[in-house]
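Colleague: Sharing a structure here in structure tokens format.
Laboratory data are not the source of any read-out in this text; all were calculated from the coordinates shown. Keep in mind that this is a model prediction, so the values were computed, not measured. A quick note on method: Cβ atoms are made from the backbone with ideal geometry, for glycine too, and the neighbour counts reach across all protein chains shown.
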Amino acid sequence: MMSQVPPDPPETVEPEASGPVVGMQTVYLGDARAMPMIPDGSIDLVITSPPYWHLKDYGSPGQVGQSSYADYLGQLNLVWDECYRCARRDAVLVINVNSRRHEKTFYPIAFDIVAAMRRWRLWDHVIWYIPNALPQPNHYRERLLDNKFESCLVFTKDGSSAFTFHKPRVPQKYAEADPRAHKKDARGRCLGNVIRIPAYRPPNVKDLGYHVAAYPEELVAFFLECYTDPGDRVLDPFLGSGTTLKVCQTMGRSGVGFEINRGFLPL
């Protein structure tokens, strides 16, 4: 599915500061394939969900996702490379992505992002289980299982474990009845790498102008809690409706977001 031919130089939209800076959060209207205003080695966590391939045309010049599949992966690599430049040596990159079925062909986008990645090194794979996921389209409904999960790929810059990490734990339900008391952790049991979070379902997407593919605040909060401390700097190169920066503001992180579609700024 992937091509070794380098992608054409992107038709970029020169970033510009847009709207007021809200608290610790800054938004740039422009293309994340070039982020010259972000200093080298200044970002602690990059977290994002890239545009779906051939699913939604946002009508913005130079947008990622409306070309061939090989070019889509290549253009994403330009963003990941620029994020690599901006990131600290001990930074983490989290990419939330789903697979795609297009013209009867299945595209395992998460696997192909990993295979095509040039600089970041895969460290972990977290499964986001979505209990309220939508059913398959009508023409596949009786031929495919409903898709109940998306991938959250976790990368580091050099493959080392020298990054901030707070292991998520929850109270152990039957702690008192567990005979292995000497093995218990007083902080609770590990939540694990399959996390159950309902998808964000806005009221009337088309009429009210909601972003059609916003991820839930709880998902962002989970990874901010895992891989950052209060005051850390977080980057979202595909900001969309701004969920990442909203959660950053709530959790005391300094957020920077890039969005190529001016229509999303009011969100």
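Colleague: Over 28 Å between Cα atoms: which of Lys104/Lys148; Lys104/Lys157; Lys167/Lys246 fall into that group?
Modeller: The answer is Lys104/Lys157.
Colleague: Please give the length that would be gained between Met24 and Thr250 if that part of the chain were fully extended, namely 0.36 nm times their separation in residues minus their C-alpha to C-alpha distance (nm, one decimal). The partial results should precede the final answer.
Modeller: Values: separation 226, 0.36 × 226 = 81.36 nm, distance 1.00 nm.
That works out to 80.4 nm of additional length.
Colleague: Follow-up. His125 to Arg262: FRET efficiency via 1/(1 + (r/R0)^6), r the Cβ-Cβ distance, R0 45 Å, to the nearest 0.05?
Modeller: Step by step, r from the Cβ atoms, then E = 0.85.
Colleague: Tell me, in nm to one decimal, what length is gained between Asp81 and Ser68 on full extension, where the rule is 0.36 nm per residue of separation less the Cα-Cα distance?
Modeller: Stretched fully, the Asp81-Ser68 segment lengthens by 2.7 nm.
Colleague: Something else now. Could you rank the peptides 138-144, 106-112 by their average count of other C-beta atoms within 10 Å per residue, with the highest value first?
Modeller: Top of the packing list down: 106-112, 138-144.
Colleague: Another question about this same structure. Net charge within 13 Å of Leu239 by Cβ-Cβ distance, Lys/Arg positive one each and Asp/Glu negative one each, not counting Leu239 itself?
Modeller: Summing Lys/Arg as +1 and Asp/Glu as -1 gives -1.
Colleague: Continuing with this model, one more query. Give me the number: length gained by fully extending His139 to Arg169, i.e. 0.36 nm times residue separation minus the C-alpha to C-alpha distance, one decimal in nm.
Modeller: 6.7 nm
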